[in-house]
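As structure tokens, the structure follows; a few thoughts come after it.
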Amino acid sequence: MSFARVEEVFKLNEGERVRLRGWVYNARVQGGLAFIDLRDSTGIVQVTIKKHELKNPPFESIVNELKREASLSLEGYVRHDPRAPNGVEILCESLEIIGKSEEYPIRKGVGTKFLLDHRHLYLRRQKFQAVLKIREKAVEAAEEWFRMNGFHLVHCPSFVIAACEGGATLFNVDYFGKVVHLTQSSQLYLEAAIFGLEKVYTIQPSFRAEKSKTKKHLTEFWHIEAEVAFATHEDIMNYEEDLVSYIVNKVVDESQKELELLGRQFEKPKRPFLRLTYAQAVELVNKKGIKMNFGDDFGTDAEKLIANSIDRPAFVMFFPVSTRAFYHMPNPEDPNLTLSSDLYAPGEGEITSGGQRIHDLDLLLRRLKEYNLNPEDYKWYIDLRRYGSVPHAGFGLGLERLVKWITGVNHIRNTVPFPRTPFRVYP
Ligand code: ATP
Ligand code: MN
């Protein structure tokens with residue numbers, strides 16, 4: 001008889017025989033009786049061991065090994081019992097301890113730092129697994145959406161020379177005696193790829209030396225990025241809206257069990273998404289008492305305020321040139337503004353940035369100068385404007401920001417198995 005998964009036993013009939021394997025989530029021994037909550041990747045089921053019904057090994061020989069996190073395999077039969085969690089228990093007839101467990105260090109009341117130091121063990125927590133399953137579902141949905149919409153996958157390098165998002169958050173790496181950087185975004189490479197493949201995307205890590213301690217920044221995060229030939233800023237907002245809706249709808253439809261486990265009520269966002277200009281957003285922020293000037297970027301409080309005043313995702317459009325990286329296309333209606341936008345998730349804040357890129361050679365050269373960037377480092381990128389340049393646009397969506405929004409976890413580090421933050425690269 002092959003091993004069943006825990007989730008399957010709840011569909012079995014009274015008396016059906018079953019083999020299971022997994023880990024002890026919890027164990028209680030009362031005289032000749034032991035109750036184990038057995039956990040595998042699909043759920044938790046109660047296993048009852050009665051001294052006289054355990055055929056092998058003798059009850060006494062295992063009873064002291066039924067410790068939290070011990071791994072075991074067992075055979076028994078299904079009993080429907082309304083007192084058991086979910087109405088089912090397994091009456092155990094034979095059991096084998098596969099791996100003993102020492103005193104498990106994660107207990108009620110240990111602090112956040114302790115849990116972060118033991119992230120390699122914390123992964124066993126059911127709620128955390130629910131978040132990881134939702135994250136997986138979001139990636140699956142994104143890949144599906146790109147495929148359905150004619151995008152090609154292009155993997156980009158992580159070691160780079162040209163900065164994409166400004167020098168402040170660049171990581172340096174000793175590359176055989178030469179200093180290179182870890183990529184902040186794959187955008188520049190995706191721009192090169194559109195001249196062959198037209199619609200391209202990637203899902204891979206980006207790195208930012210973020211020094212500030214916030215709940216929404218990692219130093220290594222997974223970046224869902226796309227770039228499209230002949231697309232305008234308007235086109236790219238439509239793509240973003242469609243992609244984000246597709247991902248969120250799929251998670252709500254297919255990860256209901258995980259959302260319930262997290263106690264998360266999450267509703268599919270209404271469409272169309274809201275659209276407000278940067279100027280309108282600044283006005284809103286100022287009206288609610290946070291002082292900011294035209295030309296400033298939104299700080300944490302301003303971002304929160306905007307996020308809390310929307311009932312569905314909202315684009316903030318046309319950021320001033322002063323707030324944006326060198327490659328942004330100026331708005332023909334006001335060259336101090338760019339054809340760019342951030343998508344805000346309600347209650348969460350920025351989850352994407354996107355816009356139209358400069359495709360004119362002379363303007364790009366001028367901008368590089370204005371931003372004090374070395375044209376030598378961008379030679380290949382400049383080249384793209386020399387041979388059949390076309391208007392194009394793209395965006396970047398932070399996977400962890402998206403998952404944080406959907407799951408409602410309190411900190412971005414809880415959306416990723418092994419978070420990288422300014423003060424943590426362990427485990
Ligand atoms: P923010 O202003 O929120 O720090 P950003 O504007 O610097 O982000 P972009 O360059 O626009 O970031 O990157 C595109 C997307 O990548 C962001 O909208 C966000 O979802 C995600 N992202 C950026 N930086 C980080 C980070 N340090 N950790 C996690 N996600 C990030
Ligand atoms: Mn941004």
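Protection proxy ranking for 102-112, 344-354, 291-301, using the average of other Cβ atoms within 10 Å per residue and placing the highest first: 344-354, 291-301, 102-112.
Of K127/K268; K379/K404; K67/K215; K211/K257; K133/K199; K270/K291, which pairs sit farther than 26 Å apart, going by alpha carbon to alpha carbon? Let's see the in-between values first.
On the way: K127/K268 21 Å; K379/K404 38 Å; K67/K215 35 Å; K211/K257 37 Å; K133/K199 28 Å; K270/K291 30 Å.
K379/K404; K67/K215; K211/K257; K133/K199; K270/K291, as the Cα separations exceed 26 Å there.
Segment 350-427 and segment 23-38 have Cα centres spaced 51 Å apart. Using C-alpha pairs under 8 Å with a sequence gap of at least 6, the mean separation divided by the residue count of the chain gives a relative contact order of 13 percent.
Peptides 396-408, 302-314, 253-265, ordered by how many other C-beta atoms sit within 10 Å of their residues on average, highest first, read 396-408, 302-314, 253-265. Taking a straight line from the alpha carbon of K288, these lysines sit under 16 Å away, with near neighbours fewer than eight places off in the same chain left out: K304.
Ordering of 34-43, 62-71 by packing is 34-43, 62-71, highest average first (other Cβ atoms within 10 Å, averaged per residue).
Here the dipole of segment 1-144 is about 520 debye; that uses its Cα centre as origin and unit charges on the Cβ of Lys and Arg (positive) and Asp and Glu (negative). A162 sits among other residues whose Cβ lies under 13 Å from its own Cβ, and their net charge, with Lys and Arg +1 and Asp and Glu -1, is -4. Residue by residue, segment 412-419 carries 3J(HN,Hα) couplings of 4, 5, 8, 10, 9, x, 10, x Hz when phi is fed to the Karplus relation 6.51 cos²θ - 1.76 cosθ + 1.60 (θ = phi - 60°); x denotes Gly or Pro. Separation of segment 91-114 from segment 296-332 is 47 Å, based on Cα centroids.
Throughout, read-outs are computed from the coordinates displayed, never taken from laboratory work. Just so it is clear, the model here is predicted, and its values are computed rather than measured. When we count neighbours, we look across all protein chains shown, and the Cβ atoms used for this are built from the backbone with ideal geometry, even at glycine.
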